[in-house]
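Quick note: the coordinates plus some simple rules give every number you see, no bench work behind them. It should be emphasised that the depicted structure is a prediction, and the values quoted were computed from it without experimental measurement. Cβ placement follows ideal geometry from the backbone for every residue including glycine, while neighbour counts extend to all protein chains displayed.
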């Protein structure tokens, strides 16, 4: 394992983040804070509790997950797309680093940024809404698993994209709508029975449900299924990355 290569890629990506703190960290935290102000403090105070949890506290896991998914994908996809766009990816491919080390460097940096962002949003939520974390270890596990998995997914998107517009297609048109429809602002048990069954085909439901369970001990689906869903998607992404580097798809064109 070439630790020097991994460290070089990781430090380069993290340095880019710290050069753009306003865009990378401050902007997502501020936009999520507006959700807490509107839905948590203003509207939440006029709504009843859901599963024994105040509405303002109930939406915290969903909002954190919304930011975590989008930022993980954006950070990883942009990080690997820029070398493709500038042509420096050929220098990376010819360097004495394996594809595993490349993936660890880029995905590790993207996941680290997302974890920092998620923890900052969690701390910011305390300003607007009181909440408790019933299972802090599990909460961190869900955070890390989700950040790594969707950073890996974003890495695949960055390899697939041919232009800057394609980097935003999946996050904006697929991931964000699935998150809003996946129980970020409500429990799926509030839906009619038919829609409850349809919603279970939304993979984001399992992420939000498991993450919310780590906070309040309540979930829409079994926690074991939530963990299995995340791990399954992680394995699928790993297989996809292995195939891309093995075949050179979108890398050698």
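Values computed for the structure shown
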quantity: Residue order, fewest to most surrounding Cβ atoms within 10 angstrom, among 212, 11; calculated: 11, 212
quantity: Prolate/oblate/rounded label for the stretch 1-66 (Cα gyration tensor, a/c 1.5); calculated: oblate
quantity: Choice from 164, 211, 153 with maximal GNM fluctuation in the chain (Cα, 10 Å cutoff); calculated: 164
quantity: Relative contact order computed over the stretch 95-236 (Cα-Cα under 8 Å; 6+ residues apart), in percent; calculated: 28
quantity: Which of 163, 220, 51 has the fewest Cβ neighbours within 10 Å, and the rest in rising order; calculated: 163, 51, 220
quantity: Contour excess over end-to-end distance, with Cα ends at residue 8 and residue 141 and 0.36 nm allotted per residue; calculated: 45.2 nm
quantity: Over the stretch 95-174, relative contact order from alpha-carbon pairs under 8 Å, at least 6 apart, %; calculated: 41
quantity: The chain: angle of helix 3-19 to the longest principal axis, Cα-based, in degrees nearest 10; calculated: 60
quantity: Among 182, 108, 52, residue whose mean-square fluctuation peaks in a GNM of the chain (springs only between Cα atoms under 10 Å); calculated: 52
quantity: Computed label-point distance, nm, for sites residue 196 and residue 124 using a 7 Å Cα→Cβ extension; calculated: 3.4
quantity: Net lengthening on full extension, residue 86/residue 168 (0.36 nm per residue, minus Cα-Cα); calculated: 27.6 nm
quantity: Relative contact order %, the chain, counting alpha carbon pairs below 8 Å whose residues are six or more apart; calculated: 26
quantity: Tilt relative to the chain, helix 203-216 - C-alpha long axis, 0 to 90 degrees, to 10; calculated: 60
quantity: Extension gain from residue 240 to residue 16, taking 0.36 nm per residue of separation minus the Cα-Cα distance; calculated: 78.0 nm
quantity: Folded to 0 to 90 degrees: helix 60-86 orientation relative to the chain principal axis, Cα; calculated: 10
quantity: As computed over the chain, the Cα convex hull volume per residue (Å³); calculated: 129
quantity: The chain: most fluctuating residue of 63, 92, 145 per GNM, C-alpha cutoff 10 Å; calculated: 92
quantity: Mean residue ellipticity (222 nm) of the chain, computed from DSSP H runs ≥ 4 via -39,500 (n - 2.57), nearest 500; calculated: -22500 deg cm²/dmol
